[in-house]
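Asks: After the structure tokens below, expect a handful of questions from me.
Each value in this text was obtained by applying a stated rule to the coordinates, not by laboratory testing. Computed from a predicted structure; not experimentally measured. Cβ sites come from the backbone with ideal geometry, for glycine too, and all protein chains shown count toward neighbours.
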Amino acid sequence: MQIKDKVTVITGAGSGIGRSLALGFAKKGAKVIVCTDLNEENAAETASMVGATATSAKLDVGDEAAIENLVKKVEAEHGGIDIFVSNAGYGQRGGLDLPTEDWARMMNVHTWSHLAAARAVIPGMIERGGGYLLNTASAAGLLTQMDSGPYAVSKHAAVALAEWISINYAEQGIGVSVLCPQAVRTAILGPLKDKKGDSNTRQAAGDGILEPDVVSDDCIDAIEKERFLVLPHPEVETYFQRKANDYDRWLSGMRRFRERLQAKS
């Protein structure tokens, strides 16, 4: 899928990876770049940085109707959406102690938002001969996130949904990539020091913290080559293979890793 002359929509475009993708799409010659974010001012700032090809809109991706309305508006104004980037997300620590509402909110943002976007854009994409979805998940969707149960579960579900769409819609011209990075220098990463002041002790930061533009470049390359897994941290592929080869050994190793992290906090 070439980005040049394409109509694109990006959620979570107000900062981080989403903002870098908007700028990267502009360099590739996208015809329209719709920058959306829960923070309307941030989305507008990104659109201003991109220039004349960009517009902005406020969007809560946890609201399925809002996604549907946005898609209808963009299609009415620009004749269809070629690339939809479902990128918005947030972090929250906790597990069984969190109320069901917190788990449900994370599922809405990290999984059901991808489903809502797919439902809204795929029919039109098929009618026009094809289209592309880029869904942001996380390395936690292939491995896990020890300090957040709902994050791990919702990101696993996001990867599974992307797999299902790819299997069932590829023959109708729908391409799918799913982004699974570890630590990226965005608001989700949060504080990088533990209580003792030691840096990079968080699980996701163990293999380094990437800049958003590095990740967005990898995403753009994946879209152009129609590659499913986007793994900016190459270590994730190794960990994923180890998990598949010996699940029990991998779980044992993760328990030891958890103990080491707790000892530093």
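Asks: Within the set of other residues whose C-beta is less than 10 Å from the C-beta of S20, count the net charge using Lys and Arg as +1 and Asp and Glu as -1. Kindly include the intermediate steps, with their values, before the conclusion.
Replies: Values: positive: R19; negative: E211, D213, D217.
The answer is -2.
Asks: Using only helices, what value at 222 nm comes out for the chain when you add -39,500 (n - 2.57) per DSSP H run of length 4 or more and divide by the total residues, to the nearest 500 deg cm²/dmol?
Replies: Calculated mean residue ellipticity at 222 nm is -15000 deg cm²/dmol.
Asks: Next question, about the same structure. Taking neighbour Cβ counts within 10 Å as the exposure measure, how do H233, H78 sort from fewest upward? Please report the intermediate quantities before stating the final value.
Replies: Numbers: H233 22, H78 16.
The most exposed by this proxy come first: H78, H233.
Asks: Checking the table K28/K225; K28/K73; K6/K73; K72/K155; K4/K58 against a 22 Å threshold on Cα-Cα, which pairs fail?
Replies: Cα-Cα > 22 Å for K28/K73; K72/K155; K4/K58; rest within.
Asks: Of the listed peptides 20-32, 157-169, 249-261, what is their order by residue-averaged count of other C-beta atoms within 10 Å, with the highest listed first?
Replies: 20-32, 157-169, 249-261
Asks: DSSP beta bridges in the stretch 7-237, what fraction antiparallel, as a percent rounded to 5?
Replies: 5 percent
Asks: Taking square-rooted eigenvalues a ≥ b ≥ c of the alpha carbon gyration tensor, is the stretch 1-75 rounded, prolate or oblate, where a/c under 1.5 means rounded and, failing that, a/b exceeding b/c means prolate? Display every interim value, and only then the final one.
Replies: Numbers: a/c = 1.91, a/b = 1.31, b/c = 1.46.
Oblate, since a/c reaches 1.5 and b/c is not below a/b.
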